[in-house]
Amino acid sequence: MKKKLYEARDHLMGGISYALPVIIGGSLVVAVAKIIGFAGGVSNLDDYAQAGGFFHYVWMFQNVGWSAIGLLNLVLSGYIAYSIAGKPALAAGFVGGVLASTTNAGFLGAVVTGFFAGWITNKIKNNVKIKGAAASSVPLIILPLLTIGLTGILMALILGGPLGWINTSLLNWVTKMSENNTNVVILAVILGAMIGFDLGGPVNKAAWMAGNALFMSGVYLPSILVNVAIWIPPLGYGLATLIKKKNFSETFKEAGSGAVIMGVIGITEGAIPFTLQSPGKLIPLNVIACAAGTAIAALLGIYVKMPPIGGMYGFFSVGNGWAYLVGGISGALIIGFGANFLVDFTEKDNGAVAETVSEEIELSFD
């Protein structure tokens, strides 16, 4: 059972890894268009949808970004299926993702159809055997017909309605939470803690995907809260190496410079080499720091201005950018001082591990 759960986690993470560039790239394109509009005194580019001139083309450019963001369910479902059963599952996975959007099943529907498409593709590949001249019809005709047809029946006729209701209920619940200051802080604490828990692992990615799935559905605040938390751990450990240099080996001092850069960019994994020095002490510290920093940003009144951009420099993409910076820096300082108080980074030097993890992070972004 445990093996099956680990396999399911890996397939989900595989799908998410393909969806990341779609969401990030689309959000950046929309943000650039918004910035151009703000610079020209235009607060709503949709006013230029039917007009001519320069800002009509900026509006068109903005729509390129929204089109990319709209691919989230399709890409997620398709590449979960691909992770399970390879290229033969892509067609059914893509169709399932489209149906997840059209039935309003959203992110949940995309995950379900991705797993189902991969599973049913493997079942058919392993059980439908045709010999002779007709064997070539299996991958080209029979497999797509059955996988797409069965995935379509599952989502359009069976699960589309129930999953759509669950998704809509979730959106309404989060929307109501976002309208109440106390509930916003609770939401911030939950999302921040999830981001800090495993630094790019399944819990972290679940919070990130939830924020972006809600963003795609028109609920924007959770994605901003997630973006605040993302840059806290790497920046925190980078600051820790500056606050008390004697507490760190040379390897960790060098890693600290990279961690600062990763914090500015918004790569949570930059904190992994440091956390590995004493996970039992530093994982709770990461959770507390991310939860506290995100809550501070919420209390200070962070709000939506445009699609949020991750990283420390994303402050200009949100309303009340000072809240974004103060919240994130506060969380980073909790780690900066707390890590020095809790752990001696000169003992049991995990330098080799730190270098290996850092190299893996760099490769993953090549």
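A compact table of results
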read-out: Estimated distance in nm for a label pair at ASP46 and ASP344, the labels positioned 7 Å out from Cα along Cα-to-Cβ; value: 6.0 nm
read-out: Nearest-20 debye value, the chain charge dipole, Cβ charges on Lys, Arg, Asp, Glu; value: 940 debye
read-out: 5 angstrom amide H check on GLY319, placed H, neighbours 5+ away; value: TYR303, VAL304, LYS305, MET306
read-out: Sorted by Cβ neighbour density within 10 Å, fewest at the top, the residues THR241, THR268, THR182; value: THR182, THR241, THR268
read-out: For segment 55-129 and segment 153-220, distance of Cα centres in Å; value: 19 Å
read-out: Dipole of the chain [Lys/Arg +1, Asp/Glu -1 at C-beta], most positive-end residue of ILE69, PHE38, SER249; value: ILE69
read-out: Förster radius 22 Å - calculated FRET efficiency between LEU276 and LYS244, Cβ distance, rounded to 0.05; value: 0.70
read-out: Which of LEU299, LEU154, LEU235 has the fewest Cβ neighbours within 10 Å, and the rest in rising order; value: LEU299, LEU154, LEU235
read-out: Residue exposure sequence - LEU76, LEU163, LEU171, LEU90 - by fewest surrounding Cβ within 10 Å; value: LEU171, LEU90, LEU163, LEU76
read-out: Selected from ILE124, THR151, GLY97, residue furthest toward positive end of dipole (segment 2-175; charges at beta carbon); value: ILE124
read-out: Cα Rg, Dmax, the chain, angstrom units; value: 22.5, 74
read-out: Per-residue ³J(HN,Hα) for segment 57-62, Karplus 6.51 cos²θ - 1.76 cosθ + 1.60, θ = phi - 60°, Hz, x for Gly and Pro; value: 6, 5, 4, 5, 5, 4
read-out: Gain on full stretching of the segment that runs from THR182 to TYR313 - 0.36 nm per residue minus C-alpha separation; value: 44.5 nm
read-out: Violating pairs (Cα-Cα greater than 29 angstrom) within the set LYS3/LYS87; LYS87/LYS176; LYS87/LYS205; LYS125/LYS205; LYS4/LYS131; LYS3/LYS131; value: LYS87/LYS176; LYS125/LYS205; LYS4/LYS131; LYS3/LYS131
read-out: ³J(HN,Hα), Karplus 6.51/-1.76/1.60, whole Hz, each residue of segment 259-271, x for Gly, Pro; value: 5, 4, 4, 5, x, 4, 6, x, 10, 4, 4, x, 8
read-out: Cross-link reach list, lysines versus LYS34, counting only Cα pairs under 19 Å and skipping chain neighbours closer than eight places; value: LYS305
read-out: Charge dipole magnitude, Cβ of K and R +1, D and E -1 - segment 2-175, Cα centre, debye nearest 20; value: 920 debye
read-out: Relative packing of 108-119, 199-210, which averages over residues the other C-beta atoms within 10 Å, highest first; value: 108-119, 199-210
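Bear in mind that the values in this text are calculations on the coordinates, not laboratory data. Remember, it's a predicted structure, so these values are computed and weren't measured experimentally. Virtual Cβ from ideal backbone geometry, glycine too; neighbours counted across all protein chains shown.
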